[in-house]
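S.K.: My structure is below; once you've seen it, I'll send some questions.
The values are calculated or read from the model by the stated rules, or taken from the named source; none is laboratory data. Treat the numbers as computed from the prediction; the structure is a model and nothing was measured. FYI the Cβ positions are ideal-geometry reconstructions off the backbone, even for glycines, and counts take in every protein chain you see. These area figures cover heavy atoms from the full protein model, side chains too; ligands, DNA and RNA do not enter into them. Shrake-Rupley method; radii C 1.70, N 1.55, O 1.52, S 1.80 Å.
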Amino acid sequence: MSDADKQAGSLDALFEGYRRFRHEAWPDLQRRYESLAHGQAPKVMVIGCSDSRVDPQQILGAAPGELFVLRNVAALVPPYAPDQAHHGASAAIEFAVRVLGVRRIVVLAHAGCGGVKALFDGAPPEVSDFVVSWMGIADRARSEVDPALEGEERSRAGEQACVGVTMENLMSFPWIRERVEQGELAITGMHFGVATGCLRCRDDRGLWADVPAN
């Protein structure tokens, strides 16, 4: 590991980032944070990938307190399974929907997703403990991608297919389905192009289209 890499991951680098936040951002944000000190009331939940390149708040231009964000590998959600196992994703969704009363859930995928690549091309042995079984949630997405596709088109099709899996799994939660059917909650799929900055959105027919940037 180079000296630059060591420095980038050091506490000093993190503290320096905090100091920039305090000096550059905090003066404009202080009142907003003070108003959030005793609770939150976001209307949108975003289920996004843990990838460091894809920050939902930045991409969607949201202020603190506007988005309730769940991030994990490939922005996946398992089907509803209220047992005694640990369900971090489901717990976050339950809190957002049943306590905060969010009105929309956005499933945000992105280009170059390593989790989706592992699903379609095989995972490296270093992630066999957890990633392989986690990506198994989206196994059925593989059958939805045209085998004739190659390169970026294939990757994007796989990433968007995984969005569809998550959206379907969300509807297996009875209290989500009930709210969707009553018009109290909507579920939207999105895909962000890391290199292009372009955002695509999935419509009710499952078709994808670019979101106008102006």
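S.K.: Kirkwood Rh, the chain, all Cα pairs: how many Å? Could you put the intermediate results ahead of the total?
M.R.: On the way: mean 1/r = 0.0528 Å⁻¹.
It works out to 18.9 Å.
S.K.: For segment 153-214, just the Cα set please: Rg and Dmax, both in angstrom.
M.R.: Cα radius of gyration and Dmax of segment 153-214 are 13.3, 38 Å respectively.
S.K.: Provide the packing ranking of 173-186, 150-163, i.e. peptides ordered by the mean count of other C-beta atoms within 10 Å per residue, highest first.
M.R.: 150-163, 173-186
S.K.: How would V165, V73 line up by accessible area, probe 1.4 Å, largest first?
M.R.: Values: V165 0, V73 55 Å².
Per-residue accessible area, sorted high to low, gives V73, V165.
S.K.: Another question, then. How large is the convex hull of the C-alpha atoms of segment 108-200 per residue, in Å³? Mind dumping the intermediate values first?
M.R.: Numbers: hull volume 10.4 nm³, N = 93.
Output value, Cα hull per residue: 112 Å³.
S.K.: Relative contact order (percent) for the chain, with alpha-carbon contacts under 8 angstrom and 6 or more residues of separation? Please report the intermediate quantities before stating the final value.
M.R.: Values: 282 pairs, mean separation 42.4, N = 214.
Value for the chain: 20 percent.
S.K.: Could I ask something else about it? Let's see if you can work this out: charge +1 on each Lys and Arg Cβ, -1 on each Asp and Glu Cβ, no other charges. What is the dipole magnitude of the chain about its Cα centre, in debye to the nearest 20? Display every interim value, and only then the final one.
M.R.: Values: 22 positive and 29 negative charges, 127 e Å.
Dipole about the Cα centre, nearest 20: 620 debye.
S.K.: Suppose we take every Cα in segment 46-159 and form the convex hull; what volume per residue is that in Å³?
M.R.: Values: hull volume 14.3 nm³, N = 114.
In segment 46-159, the Cα convex hull volume per residue is 126 Å³.
S.K.: What are the extents of the Cα atoms of segment 1-98 along their three principal axes, listed from largest to smallest and rounded to whole Å?
M.R.: 45, 41, 25
S.K.: Per the Debye formula with a single identical scatterer at each Cα and no solvent contribution, what log10 I(q)/I(0) holds for segment 129-178 at q = 0.27, 0.32 Å⁻¹?
M.R.: Each listed q maps to, in turn, -0.99, -1.11.
S.K.: State whether segment 79-128 is rounded, prolate or oblate according to the following rule on the C-alpha gyration tensor (a ≥ b ≥ c being the square roots of its eigenvalues): a/c under 1.5 gives rounded; otherwise a/b larger than b/c gives prolate, and the remaining case gives oblate.
M.R.: Numbers: a/c = 3.70, a/b = 1.64, b/c = 2.26.
Here segment 79-128 falls in the oblate category.
S.K.: What does DSSP give for the chain in terms of the percent of beta bridges that are antiparallel, rounded to the nearest 5?
M.R.: Working: 7 of 25 bridges.
Counting DSSP beta bridges with both partners in the chain, the antiparallel share is about 30 percent.
S.K.: So for the pair Q182, I59, with labels modelled 7 Å out along Cα→Cβ, what separation do we get in nm?
M.R.: Each label point lies 7 Å from its Cα, and together they span 3.0 nm.
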